[in-house]
Amino acid sequence: MDTPSGTVDEVGQLRFNELIAADSRVEPTDWMPEGYRKTLVRQISQHAHSEIIGMQPEGNWITRAPSLKRKAILMAKVQDEAGHGLYLYSAAQTLGVDRETMFDQLITGKAKYSSIFNYLSPTWADMGSIGWLVDGAAICNQVPLCRASYGPYARAMVRICKEESFHQRQGFEILLSLMNGSDEQKAMAQESVNRWYAPALMMFGPPDGDSPNSQQSMAWNIKRFGNDELRQRFVDMLVPQAEILGVTLPDPDIAWNEERGHYDFGELDWTEFHEVLAGRGQANTVRVNRRRDAHEGGEWVREAARAYADKKADKHAAKQTENAETAHNETQRIAS
Ligand SMILES: [Fe+2]
Ligand SMILES: [Fe+2]
């Protein structure tokens with residue numbers, strides 16, 4: 001269709017460019033380039049999947065948490081993650097992809113989610129490390145997303161980030177308690193931090209030079225900072241917190257660099273990252289299988305919800321017919 005000033009796509013593109021240049025929000029009803037929409041669908045759905053799969057390493061410990069208080073906190077935290085998944089699936093749906101499709105991609109192993117959740121959580125201290133390091137890295141990654149150009153995504157992130165900071169604190173507090181405990185507890189905390197530290201740093205993705213999509217995402221104001229800059233911020237945040245905890249970060253190259261005003265840190269082993277990404281992590285199969293079982297096991301709930309919605313719709317329709325008949329009879333009575 002042509003308009004006096006050009007095709008709908010041309011006008012839409014101009015308007016979109018203006019929105020991005022003004023650092024404004026793009027809303028679901030606005031015209032957007034197909035690449036922008038696809039990038040967002042991929043990013044938001046992967047993010048939603050990560051929240052949902054991310055419930056598993058901690059869900060694993062709910063029944064074994066050492067006290068009622070710890071159990072209640074952990075349960076609240078895992079429930080928050082389910083909520084994050086739901087906000088994000090809803091945000092992705094505004095881009096025209098339906099939830100069943102996304103679920104299907106996840107349980108058939110077609111969709112990606114954050115590799116960090118393919119690591120096992122064998123000790124209670126892992127609940128501390130996941131909160132402190134994994135949710136900590138998530139915060140560094142996600143705070144800038146509160147300013148992402150796509151409105152529904154940015155708004156979902158505001159709420160998510162508030163909850164993530166509670167998650168990080170509860171993890172830090174678990175480790176702090178262990179570090180104030182027996183030698184065995186201290187060793188358990190340190191051993192866990194040793195396992196989670198590098199994978200948490202890899203959550204920011206490969207170095208910028210190896211991350212070709214990053215540039216485009218930054219040009220579209222979806223991403224605000226490069227992977228390396230965010231990783232640096234994370235390390236700068238961790239070092240003083242590790243000192244308070246009394247744990248040692250497992251990297252002998254960590255040192256304050258006066259000139260840069262940041263902590264230097266060692267090279268990461270990206271071979272491991274790519275192995276996990278390729279499906280050869282500790283728990284890739286376990287995670288997807290459990291999600292598939294949960295989805296299939298929940299079919300009766302969805303069926304019941306559908307039956308209830310249909311019944312309600314039938315009742316509503318019957319009521320409307322009844323009202324229309326009453327009104328019709330009333331009109332006829334007045335007319336006669
Ligand atoms: Fe989350
Ligand atoms: Fe979290």
The chain - accessible surface per residue (Å², probe 1.4 Å): 53 Å²
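For segment 144-214, what is the relative contact order in percent, using Cα pairs closer than 8 Å and at least 6 residues apart in sequence?
Value for segment 144-214: 12 percent.
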Taking all protein chains in place and a 1.4 Å probe, what share, in percent, of the accessible surface of the chain do carbon and sulfur account for? 55 percent
Listed here are the pairs Lys77/Lys110; Lys77/Lys223; Lys162/Lys186; Lys77/Lys162; which of them are more than 24 Å apart at the Cα? Lys77/Lys110; Lys77/Lys223; Lys162/Lys186
Mean Cβ count within 10 Å, highest first, over the residues of peptides 134-146, 310-322: 134-146, 310-322
Counting only other residues whose beta carbon sits under 13 Å from that of Gly297, what net charge do I get with K and R as +1, D and E as -1? 0
Can you give the charge dipole size of segment 165-317 about its Cα centre, rounded to the nearest 20 debye, using +1 on the beta carbon of Lys and Arg and -1 on the beta carbon of Asp and Glu? 1220 debye
Using modelled amide H (1.01 Å from N, peptide plane; none on Pro or chain starts), what sits under 5 Å from the amide H of His262, excluding residues fewer than 5 places away? Asn257
If amide H atoms are modeled at 1.01 Å from N in the peptide plane, then the residues at a separation of 5 or more from Val26, or on another chain, having amide H under 5 Å from its own are Tyr150, Gly151
Where nothing but the Cβ of Lys and Arg (+1) and of Asp and Glu (-1) is charged, how large is the charge dipole of the chain around its Cα centre, in debye to the nearest 20? 1200 debye
Choice from Arg64, Arg155, Arg291 showing the highest fluctuation, given a GNM over the chain with Cα pairs closer than 10 Å: Arg64
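Show that you can apply the helix-only estimate: for the chain, add -39,500 (n - 2.57) for every DSSP H stretch of four or more residues, divide by all residues, and state [θ] at 222 nm to the nearest 500.
Working: 14 runs with 219 residues, N = 336.
So the helix-based figure for the chain works out to -21500 deg cm²/dmol.
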By the scheme Lys and Arg +1, Asp and Glu -1, what is the net charge of all other residues having a beta-carbon under 14 Å from that of Gln13? -3
Over the chain, what is the mean sequence separation of C-alpha contacts under 8 Å (at least six apart), divided by residue count, expressed as relative contact order in percent? 17 percent
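Once the other residues with Cβ under 12 Å from the Cβ of Asn221 are scored (Lys, Arg +1; Asp, Glu -1), what is the net sum? If you can, show how the numbers build up before the last one.
Values: positive: Arg25, Arg147, Lys223, Arg224; negative: Asp23.
In short, +3.
Taking square-rooted eigenvalues a ≥ b ≥ c of the alpha carbon gyration tensor, is the chain rounded, prolate or oblate, where a/c under 1.5 means rounded and, failing that, a/b exceeding b/c means prolate? Kindly include the intermediate steps, with their values, before the conclusion.
Details: a/c = 2.45, a/b = 1.49, b/c = 1.65.
Note, shape of the chain comes out oblate.
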Could you tell me whether segment 209-326 comes out rounded, prolate or oblate from its Cα gyration tensor? Rule is a ≥ b ≥ c as square roots of the eigenvalues, rounded for a/c under 1.5, then prolate if a/b exceeds b/c, otherwise oblate. prolate
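Just order 257-270, 81-94, 8-21 by mean Cβ neighbour count inside 10 Å, highest at the front, would you?
81-94, 8-21, 257-270
The values are calculated or read from the model by the stated rules, or taken from the named source; none is laboratory data. Every value quoted in this text rests on a predicted model; they were computed, and no experiment measured them. Glycine also receives a Cβ, built like all others from the backbone with ideal geometry; neighbour counts cover every protein chain displayed. The protein model used for the area step is the full one, side chains on, heavy atoms only, and it has no ligands, DNA or RNA in it. Shrake-Rupley method; radii C 1.70, N 1.55, O 1.52, S 1.80 Å.
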